[in-house]
1. With the requirement that a residue be in a loop (DSSP other than H, G, I, E, B) and farther than 16 Å from Ala107 by Cα, what does segment 73-89 give you?
2. Go through (1) under 14 Å from the mean Cα position of the chain (by Cα); (2) closer than 23 Å to Ala33 by Cβ; (3) touching a residue at least 12 places away in the same chain (Cβ under 8 Å); (4) open to solvent by 20 Å² or more (accessible area, probe 1.4 Å) for Arg69 and report which single condition fails.
3. Tally up the residues in segment 109-147 that are in contact (Cβ under 8 Å) with a residue 24 or more places away in the chain, closer than 16 Å to Ala46 by Cα and in contact with a helix residue (DSSP H, G or I) (Cβ under 6 Å, 6 or more places away or on another chain), please.
4. Of the conditions (1) open to solvent by 50 Å² or more (accessible area, probe 1.4 Å); (2) in a loop (DSSP other than H, G, I, E, B), Pro53 clears all except one; give me its number.
5. Can you find a residue that is free of Cβ contacts under 8 Å to residues at least 60 places away in the same chain and over 15 Å from the mean Cα position of the chain (by Cα) anywhere in segment 76-96?
6. Please go through segment 91-104 and pick out each residue that is surrounded by fewer than 18 Cβ atoms within 10 Å (Cβ to Cβ) and either among the small types (Gly, Ala, Ser) or modelled with pLDDT under 95 (or both).
7. Hey, among the residues in segment 119-134 that are modelled with pLDDT of 95 or more and either over 15 Å from the mean Cα position of the chain (by Cα) or part of a helix (DSSP H, G or I) (or both), which one's surrounded by the fewest Cβ atoms within 10 Å (Cβ to Cβ)?
Amino acid sequence: MKHPPAGGQDGLVSSAAVPRPAPPRRAPPLPAAPPEGPLTVAEALAAVACLVPPGRAVSYGALARILGRGGARLAGRAMAEADPGTPWWRVVRADGSLPGDLAARAAPERDREGTPLRPAAGGLPRVDLARAAWDPHDDGDGPALAAIADLAARVDHGRGSISPASGRTP
């Protein structure tokens, strides 16, 4: 049995019926470079997060230790307040997880970057920090170490620890 041509009488298919390929995946926007001059600890922590290579990760506490300023809670706050494009998905809890809905939002970025993951009981996979952990000291990453030293030297303790936009200090 012969089927009539798809679409109208002339055999043309309307553009609404033609499946379109998904738009190309765009990389997230690059964060702005940290401002010149003194930085808050949060601004410096966000800048260090930008140095973490794709497919690698650090814990909130390790991010603070690498900078030599702040702590895990401040690093978490810094990621929450960071400029768009900051790779916040590369900074995780010590067990490799992210809080709340962030894990689901981070999954496509981790897949794109090939971040090593491990299964988690009843939840989304966690970053396998045993394989993915980044430490510029251990990796001998000279350019990153120089940038981190510059960022640490620019932290102005008089400006407060949180970004000026939030208006809050610890």
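The values are calculated or read from the model by the stated rules, or taken from the named source; none is laboratory data. Everything quoted here is computed from the prediction, not taken from an experiment. Note: ideal-geometry Cβ built from the backbone for every residue, glycine included; neighbour counts use all protein chains shown. Keep in mind that these areas ignore ligands, DNA and RNA; they rest on the heavy atoms of the full protein, side chains included. Shrake-Rupley method; radii C 1.70, N 1.55, O 1.52, S 1.80 Å.
1. Ala82, Asp83, Pro84
2. Of (1) under 14 Å from the mean Cα position of the chain (by Cα); (2) closer than 23 Å to Ala33 by Cβ; (3) touching a residue at least 12 places away in the same chain (Cβ under 8 Å); (4) open to solvent by 20 Å² or more (accessible area, probe 1.4 Å), only one is false for Arg69: (1).
3. Number satisfying all stated conditions: 2.
4. Checking Pro53 against (1) open to solvent by 50 Å² or more (accessible area, probe 1.4 Å); (2) in a loop (DSSP other than H, G, I, E, B), the one that fails is (1).
5. Yes, there is a match, as at least one residue in segment 76-96 is free of Cβ contacts under 8 Å to residues at least 60 places away in the same chain and over 15 Å from the mean Cα position of the chain (by Cα).
6. Correct list: Ala94, Ser97, Pro99, Gly100, Asp101, Leu102, Ala104.
7. Ranking the qualifying residues of segment 119-134, first place goes to Ala130.
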